[in-house]
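Asker: The structure is given below, and queries will be raised subsequently.
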Amino acid sequence: MILSAFLFSKSSPRFHAWILALPIAGPAVKEWGEHRVVRARAKVLCATMILVSLSLIWWRAPVTDAVKIILTIILVTVCTFVVTRKSRL
């Protein structure tokens, strides 16, 4: 959502405003845009979903190990980025 809001802020003010008005994601996107903070609950959700995704990728995905390794690197990098952001204003 943060990436979408950023891209829409450059291309479509209408869609950017729509994202910011969303009841669930809007406040979190606003906090990121204004203060560069990520809520603690969002960090936990992100880390949990990445852990579930990695488990499914390694356990069930019918792809080569090279693809699994690349996906693991990407997801761990994203998780590290999110978890190391400030949680409060």
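The values are calculated or read from the model by the stated rules, or taken from the named source; none is laboratory data. Quick caveat, the model's predicted, so the values are computed rather than measured. Glycine also receives a Cβ, built like all others from the backbone with ideal geometry; neighbour counts cover every protein chain displayed. These accessible areas exclude ligands, DNA and RNA; they are computed on the full protein's heavy atoms, side chains included. Shrake-Rupley method; radii C 1.70, N 1.55, O 1.52, S 1.80 Å.
Asker: Taking helices (runs of 4 or more DSSP H) that fall entirely within region 1-50, which contain at least 2 residues that are aromatic (Phe, Trp, Tyr)?
Answerer: Fully inside region 1-50 and qualifying: 2-11, 13-21.
Asker: Would you check which residues across region 66-89 are without any contact (Cβ under 8 Å) to a residue 12 or more places away in the chain and either in contact with a helix residue (DSSP H, G or I) (Cβ under 9 Å, 6 or more places away or on another chain) or in a loop (DSSP other than H, G, I, E, B) (or both) and list them?
Answerer: 67, 68, 84
Asker: In this structure, is residue 61 more than 29 Å from residue 9 (Cβ to Cβ), surrounded by 11 or more Cβ atoms within 10 Å (Cβ to Cβ), out of contact with any His (no Cβ under 6 Å at 6 or more places or on another chain) and of a type in the set (Gly, Ala, Ser)?
Answerer: Against the criterion (more than 29 Å from residue 9 (Cβ to Cβ), surrounded by 11 or more Cβ atoms within 10 Å (Cβ to Cβ), out of contact with any His (no Cβ under 6 Å at 6 or more places or on another chain) and of a type in the set (Gly, Ala, Ser)), residue 61 qualifies.
Asker: In addition: Of the residues 88, 36, only one is of a type outside the set (Phe, Trp, Tyr) and farther than 13 Å from residue 2 by Cα; which?
Answerer: Among 88, 36, only 88 is of a type outside the set (Phe, Trp, Tyr) and farther than 13 Å from residue 2 by Cα.
Asker: Please find, within region 19-58, the residue that is most open to solvent (accessible area, probe 1.4 Å) out of those that are of a type in the set (Ser, Thr, Tyr) and under 14 Å from the mean Cα position of the chain (by Cα).
Answerer: Applying the filter and picking the extreme gives 48.
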